[in-house]
1. Applying the selection to the range 144-200, what residues are more than 16 Å from ligand 1 (Cβ to nearest atom), over 21 Å from Arg76 (Cβ atoms) and part of a strand (DSSP E or B)?
2. Considering only the range 174-207, state which residues are open to solvent by 80 Å² or more (accessible area, probe 1.4 Å) and of a type in the set (S, T, N, Q).
3. Run down Glu86, Glu17 and say which single residue is more than 27 Å from Pro124 (Cβ to Cβ), in contact (Cβ under 8 Å) with a residue 24 or more places away in the chain and more than 16 Å from ligand 2 (Cβ to nearest atom).
4. Output the qualifying pairs, or none if there are none: Cβ atoms under 7 angstrom, residues six or more apart or on different chains, first residue in the range 148-169 and open to solvent by 10 Å² or more (accessible area, probe 1.4 Å), second residue within 13 Å of ligand 2 (Cβ to nearest atom).
5. Looking only at the range 119-139, count every residue that is within 15 Å of Phe80 (Cβ to Cβ), among the small types (Gly, Ala, Ser) and away from ligand 2 (no atom under 16 Å from the Cβ) and tell me the total.
6. Residue under question is Gly26, and the condition is that it be more than 13 Å from ligand 1 (Cβ to nearest atom), open to solvent by 70 Å² or more (accessible area, probe 1.4 Å), closer than 15 Å to His203 by Cβ and of a type outside the set (D, E, K, R); does it hold?
7. Being touching a helix residue (DSSP H, G or I) at 6+ places or on another chain (Cβ under 8 Å) and without any contact (Cβ under 8 Å) to a residue 12 or more places away in the chain is the requirement here; does Glu174 meet it?
8. What's the number of the condition Ile95 fails, among (1) β-branched (Val, Ile, Thr); (2) modelled with pLDDT under 95; (3) touching a Ser or Thr at 6+ places or on another chain (Cβ under 7 Å)?
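The values are calculated or read from the model by the stated rules, or taken from the named source; none is laboratory data. Computed from a predicted model, the values in this text were never measured in an experiment. Cβ atoms come from the backbone with ideal geometry, glycine included; neighbour counts cover every protein chain shown. Surface areas here come from the heavy atoms of the whole protein model, side chains and all, with no ligands, DNA or RNA. Shrake-Rupley method; radii C 1.70, N 1.55, O 1.52, S 1.80 Å.
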Amino acid sequence: MAVPALRGVSLDVQRGEFVAIMGPSGCGKSTLLHLLGGLLSPTTGSIHIDGEDLSKVSDAKRTDIRRRKIGFVFQRFNLFPTLTAEGNLKLAEKIHTGNGAHSADRRHEVLRLLKLEGKMRHKPLELSGGEQQRVALARAIINSPAIILADEPTGNLDSENSEIVLDMFKELNEKFRQTIIMITHNPEAAAVASRIIRMRDGHIVEE
Ligand SMILES: Nc1ncnc2c1ncn2[C@@H]1O[C@H](COP(=O)(O)OP(=O)(O)OP(=O)(O)O)[C@@H](O)[C@H]1O
Ligand SMILES: [Mg+2]
């Protein structure tokens, strides 16, 4: 029997908002984020980005919208194991532009920002969990997406590195008006957001 992960969820996010999503394990947070990013399709209901209904467009078009507009930080990082940290960023750039990667300068700047400058040539298995998480973050922001969807982006980070990541999100949000939707279990991380949404059992229970 099919078990619904989400029911009756209605959510409007404006450009430039910084939203935190909180709630117990299994309540549907990652499922909601995957739907918002067009990685899953809802059985009923619809998802609109800039007026386009993701559930009405072709798979190819949905993929294109995701590549152009969204940077995704996965709960399990999803880095390519055979590529180095820099190689993972290059691949994200190639997917985004449809051809070559940008100059190495931009990549090195982002890796420096996340304190990974000494780790550029390391593959995921040669990196700690927190370092892998920061490479996944670098990959999500490298193409300056209009929307950043982050699933527990500080879950594997110590307080110092969490602060670096949250400051970075804040700056991207304030300076460049990038929209951020971030799942977190950490109240201090949620406090950085301008809006907190709480979920339980597949519902939004509080704003
Ligand atoms: N592909 C799937 N097939 C079947 N059930 C699924 C699938 N993905 C998620 N679920 C179920 O949907 C519910 C919500 O899962 P989800 O991953 O969204 O939770 P979450 O709030 O992100 O939890 P956590 O904080 O542990 O990451 C869970 O009960 C989960 O077992
Ligand atoms: Mg989750």
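1. The answer is Thr179, Arg195.
2. Applying the first criterion (open to solvent by 80 Å² or more (accessible area, probe 1.4 Å)) to the range 174-207 yields 174-177, 185, 187-188, 194, 198, 200-201, 206-207.
Residue satisfying the conditions is Ser194 alone.
3. Glu17
4. Qualifying pairs under 7 Å: Glu152/Gln75; Glu152/Ile183; Glu152/Thr184; Glu152/His185; Thr154/Thr184.
5. So the answer is 1.
6. no
7. Working: touching a helix residue (DSSP H, G or I) at 6+ places or on another chain (Cβ under 8 Å): no; without any contact (Cβ under 8 Å) to a residue 12 or more places away in the chain: yes.
It is false that Glu174 is touching a helix residue (DSSP H, G or I) at 6+ places or on another chain (Cβ under 8 Å) and without any contact (Cβ under 8 Å) to a residue 12 or more places away in the chain.
8. All conditions pass for Ile95, except number (3).
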